[in-house]
1. Would you please name the residue that is modelled with the lowest pLDDT, looking only at residues in region 242-263 that are under 19 Å from Ser45 (Cβ atoms) and of a type in the set (D, E, K, R)?
2. Sort through Leu30, Leu68 and tell me the only one that's open to solvent by less than 80 Å² (accessible area, probe 1.4 Å) and under 22 Å from Ile283 (Cα atoms).
3. Quick one: would you say Asn83 is in a loop (DSSP other than H, G, I, E, B) and either open to solvent by less than 20 Å² (accessible area, probe 1.4 Å) or farther than 22 Å from Val222 by Cα (or both)?
4. Name the single residue, out of those in region 276-300 being at pLDDT below 90 and among the charged types (D, E, K, R), that is nearest to Ile35 (Cα to Cα).
5. Consider only pairs whose beta carbons are under 9 Å apart and that are at least six residues apart or on different chains; among these, list those whose first residue lies in region 196-218 and is closer than 13 Å to Asp290 by Cα and of a type in the set (A, V, I, L, M, F, W, C) and whose second residue is open to solvent by 60 Å² or more (accessible area, probe 1.4 Å) and in a helix (DSSP H, G or I).
6. Just to verify a result, which residue in region 173-225, among those that are touching a Ser or Thr at 6+ places or on another chain (Cβ under 6 Å), more than 23 Å from Gly152 (Cα to Cα) and not charged (D, E, K, R), is most open to solvent (accessible area, probe 1.4 Å)?
7. Only residues that are over 14 Å from Ser177 (Cα atoms) and surrounded by 13 or more Cβ atoms within 10 Å (Cβ to Cβ): list them for region 116-132, please.
8. Could you figure out which of (1) among the aliphatic types (A, V, I, L, M); (2) over 24 Å from the mean Cα position of the chain (by Cα); (3) surrounded by fewer than 16 Cβ atoms within 10 Å (Cβ to Cβ) isn't true of Leu146?
Amino acid sequence: MEFAHSLRSILGLLISPKISALDELRKLTLKEVSIPPVTVDGEASLIRLEHMTHGISWTHVYGSSPELQPVKDAISAFVSIENTYDEHFDFKKLQSFSASKSFMTWSESSNASKYKDALEWGQNMWEGDNLAFTTDLDFQNNIAHLMGEGIGSSGEINVSIYAWHDERILWSNSGGSHHGAALIRQMHTQNREFYCKAKITRYSINKHVLTPVLDDFYLLIVDDDCLKDGEKYYLSLALSDMDIHFSTCGLPIRSRNYQLLVIPKKQDVVTKNDLDTWVAENIAAQRILDFAQFVLKNHK
């Protein structure tokens with residue numbers, strides 16, 4: 001009996017085709033990855049990559065490996081920062097605001113987060129007792145409100161420019177968003193002018209820091225939730241099951257729970273060709289985003 005059982009086991013191994021690493025990876029159905037469009041609600045829609053340059057927590061065993069150090073060094077330095085000061089900043093250039101009572105409200109009709117920029121929001125406002133945008137007096141009232149609440153007595157604002165979002169210009173405000181949008185509407189449609197002082201910080205991608213690590217690592221945007229053979233599973237758990245070296249860290253995308261997945265291209269259990277194929281198939285299916293291509297796609 002023992003001999004027969006052993007013989008059947010050996011024959012089974014000889015007859016059963018070996019499942020490749022690529023076949024194992026293909027058992028996973030990843031979730032579609034979609035980046036939300038940038039809107040007037042800058043805090044919710046802008047991807048603040050500058051927050052990745054410090055205080056990142058890398059997960060899983062490989063996260064503490066010395067082999068990952070080139071990626072850690074690149075991520076800590078891949079955002080370049082340029083500070084300037086403008087004594088005569090054109091207020092109508094502002095596209096997104098960081099705060100408003102009308103952002104992310106429960107009411108769809110009053111939720112300003114749906115508008116692509118400050119001008120579109122202003123163009124969809126209704127006049128009322130406390131807000132108007134037709135006459136010279138309305139224009140002066142909007143400026144007065146901004147100086148009292150949004151800008152302050154210094155007449156100075158903080159502005160951030162994001163090169164990876166088509167040079168999107170964000171006003172880091174604590175108030176005055178409604179009157180700011182109304183003012184921008186008047187400036188565009190009535191050919192009016194308003195200037196203020198601005199501390200400007202421009203964020204851009206240092207390609208020379210980021211691109212060298214791409215020869216040895218995949219940098220991928222993924223959702224950890226997935227299906228394996230039709231059942232709920234986790235991508236990180238599946239990769240661990242296969243003894244694939246990897247690490248992840250969070251991404252500053254407020255409305256999504258996406259991760260940056262880092263996989264060395266040289267692995268013991270899977271070939272680079274199989275990984276290339278799996279990554280390419282999922283990118284084509286919009287279930288993986290290439291991190292470098294994404295941050296450089298709309299970069300000027």
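1. Arg254
2. On the way: Leu68 fails: under 22 Å from Ile283 (Cα atoms).
Being open to solvent by less than 80 Å² (accessible area, probe 1.4 Å) and under 22 Å from Ile283 (Cα atoms) holds for just one of Leu30, Leu68, which is Leu30.
3. Details: in a loop (DSSP other than H, G, I, E, B): no; either open to solvent by less than 20 Å² (accessible area, probe 1.4 Å) or farther than 22 Å from Val222 by Cα (or both): yes.
No, not satisfied.
4. Looking at residues that are at pLDDT below 90 and among the charged types (D, E, K, R), I get Lys297.
5. Phe217/Pro70
6. The qualifying residue most open to solvent (accessible area, probe 1.4 Å) is Asn206.
7. Lys116
8. (3)
The values are calculated or read from the model by the stated rules, or taken from the named source; none is laboratory data. Remember, it's a predicted structure, so these values are computed and weren't measured experimentally. Cβ: placed from backbone, ideal geometry, glycine included. Neighbour counts: every protein chain shown. For accessibility, only protein heavy atoms count, side chains too; no ligands or nucleic acids. Shrake-Rupley method; radii C 1.70, N 1.55, O 1.52, S 1.80 Å.
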